[in-house]
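Undergrad: Have a look at this one before I ask anything.
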Amino acid sequence: MKICILCFDLSNNSLGRAGLLAMALKSNHEVEIIGPSKSGNIWFPMKDIGIPIRSYPWKRYPFFISTILKMVKDIDADIIIGCKLRPTSYGIALIKKWTCHIPVILDIDDWELGFFYHSGFWGKVGRFFNFSNPNGLPYTWLLERFTNYADSKIVSNRFLQKKFSGTLIYHCRDTTILDPKNFNSDRVKAKLGLKGKRVVMFLGTPRPHKGTAESLLAMEKINAPDVRLVIIGADSSIQTQIQKMNNNQDKVIVLPQISFKELPDHLSAADILVIPQKDTTDTQGQIPAKLFDAMAMAKPIITTPISDIPEVISEHGYLIEPGNPEQLADTIKNIFANPKEAWAKGQNARKRCQEFYDLKVMEKKLNLQIEKLFSPNPHSGT
């Protein structure tokens, strides 16, 4: 069966979820990812995932109309999956559905309006009148009213399920690839210039709501000479934050973006993975994908009780208060002081990932949604 996955912007991390769905489906279906690219590039971590990706130019209205028409014309599929409640993905999927009667699965892994709502009253007013941006607030707000036009809905956490309904399918990982037995931590540390160091790793896009500042502040409070905070995938703006640190700037190592294939190798160098999500409208409707990376690699995880994180990780991680760098620093010290406990938590987290969040689990759930689309009552599973 031909499946077309629509990604709202191929040049940013929204391609992560689209690529994950594609990898889960590719063994039984012919899968293609398409979408506009705001920068003109494919998001680097997902550049070589072995899935066909077709990119279209991103423009402002009214010029983007030609891109919409081209994308709708080019879609050749039996099923469309629109990733995210965005006009350049789900919106285009609905146009194709209404013109060609192709069933649409809506996949929601973020509360898109939540990203707009943190900007304050006047920020929201300004964004609401931004009619030239194809994914601007007025169009995204309107699209939330069209969720029930999808033939099936998938959500990545319970906040989104409560808000939009749909079948819950968490992010998943291939635990045969993300397997700590396949990697030599000491060798990778030496390759990265971290030989003999204890590594606290922050993985992924370092945005404020993800707790970047708290990670740096916690590092100020850790005086052990062999501990390093390794931040992977940050842009140049992180250097400004590092320069504002009162001490230990030399203990923060920033590495460039890595590909999805390189992820397990780099992650094996971590002794601790920190995911200090803050409690904001950005984080309430999402669950960080790197949580599943760390679980699969049996890493001790320090995180916060935001969204479904406590349910996913169960008792196999360390939960701290959001926005509390002192508690983050203390927990890092505690893990290093009690390595056996930390190792056991990591191993149990991996077992939980294998049972509930392996790629095969996602594959089974997605194929069940597809089967229901062609059953006598296709809406029964939504």
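Undergrad: Within the stretch 48-57, work out how many residues are at pLDDT 95 or above and part of a loop (DSSP other than H, G, I, E, B).
TA: 2
Undergrad: Also, quick follow-up: Taking the stretch 89-110 as the region of interest, how many residues are part of a helix (DSSP H, G or I), surrounded by fewer than 21 Cβ atoms within 10 Å (Cβ to Cβ) and within 26 Å of the chain's Cα centre (by Cα)? Step through it out loud before you land on a result.
TA: Our first condition is that a residue be part of a helix (DSSP H, G or I); within the stretch 89-110, this holds for 89-100.
Checking the rest, the ones that are also surrounded by fewer than 21 Cβ atoms within 10 Å (Cβ to Cβ) come to 94-95, 97-100.
Imposing the further condition that a residue be within 26 Å of the chain's Cα centre (by Cα) reduces the set to 94.
Here the count works out to 1.
Undergrad: In the stretch 22-45, which residues are in a loop (DSSP other than H, G, I, E, B) and aliphatic (A, V, I, L, M)?
TA: The one that is in a loop (DSSP other than H, G, I, E, B) and aliphatic (A, V, I, L, M): Ile42.
Undergrad: When residues of the stretch 180-239 are filtered for being under 21 Å from the mean Cα position of the chain (by Cα) and acidic (Asp, Glu), how many remain?
TA: Here the count works out to 2.
Undergrad: Looking at Gly285, Gly323, which one is part of a loop (DSSP other than H, G, I, E, B), in the same structural domain as Met219 (by TED's automatic domain parsing), over 18 Å from Arg158 (Cβ atoms) and out of contact with any Cys (no Cβ under 9 Å at 6 or more places or on another chain)?
TA: Details: Gly285 fails: over 18 Å from Arg158 (Cβ atoms).
Being part of a loop (DSSP other than H, G, I, E, B), in the same structural domain as Met219 (by TED's automatic domain parsing), over 18 Å from Arg158 (Cβ atoms) and out of contact with any Cys (no Cβ under 9 Å at 6 or more places or on another chain) holds for just one of Gly285, Gly323, which is Gly323.
Undergrad: Could you grab me the full set of residues in the stretch 295-327 that are surrounded by 19 or more Cβ atoms within 10 Å (Cβ to Cβ) and of a type in the set (Ser, Thr, Tyr)?
TA: Matches in the stretch 295-327: Thr303, Thr304, Ser307, Tyr318.
Undergrad: Given Lys153, Lys162, which one is more than 24 Å from Lys96 (Cα to Cα) and of a type outside the set (A, V, I, L, M, F, W, C)?
TA: One residue alone meets the criteria, Lys162.
Undergrad: Of the residues Ala337, Ala349, Ala329, which single one is free of Cβ contacts under 8 Å to residues at least 24 places away in the same chain and either touching a His at 6+ places or on another chain (Cβ under 6 Å) or of a type in the set (A, V, I, L, M, F, W, C) (or both)?
TA: Just a single option satisfies the conditions, and that option is Ala337.
Undergrad: How many residues, within the stretch 274-295, are touching a Phe, Trp or Tyr at 6+ places or on another chain (Cβ under 8 Å) and over 22 Å from Gly114 (Cβ atoms)?
TA: Result for the stretch 274-295: 2.
Undergrad: Restricting the search to the stretch 25-48, which residues are within 21 Å of Leu203 (Cβ to Cβ) and crowded, with 21+ Cβ neighbours inside 10 Å?
TA: Trp43, Pro45, Met46
Undergrad: So Asp76 ticks every box in (1) modelled with pLDDT of 95 or more; (2) closer than 16 Å to Ser37 by Cα; (3) assigned to a loop (DSSP other than H, G, I, E, B) but one. Which box is left unticked?
TA: Unmet for Asp76, out of (1) modelled with pLDDT of 95 or more; (2) closer than 16 Å to Ser37 by Cα; (3) assigned to a loop (DSSP other than H, G, I, E, B): (2).
The values are calculated or read from the model by the stated rules, or taken from the named source; none is laboratory data. The shown structure was predicted, so the numbers you read here are calculated from the model rather than taken from an experiment. Because the Cβ atoms are built from the backbone with ideal geometry, glycine has one as well, and the counts that use them run over all protein chains shown.
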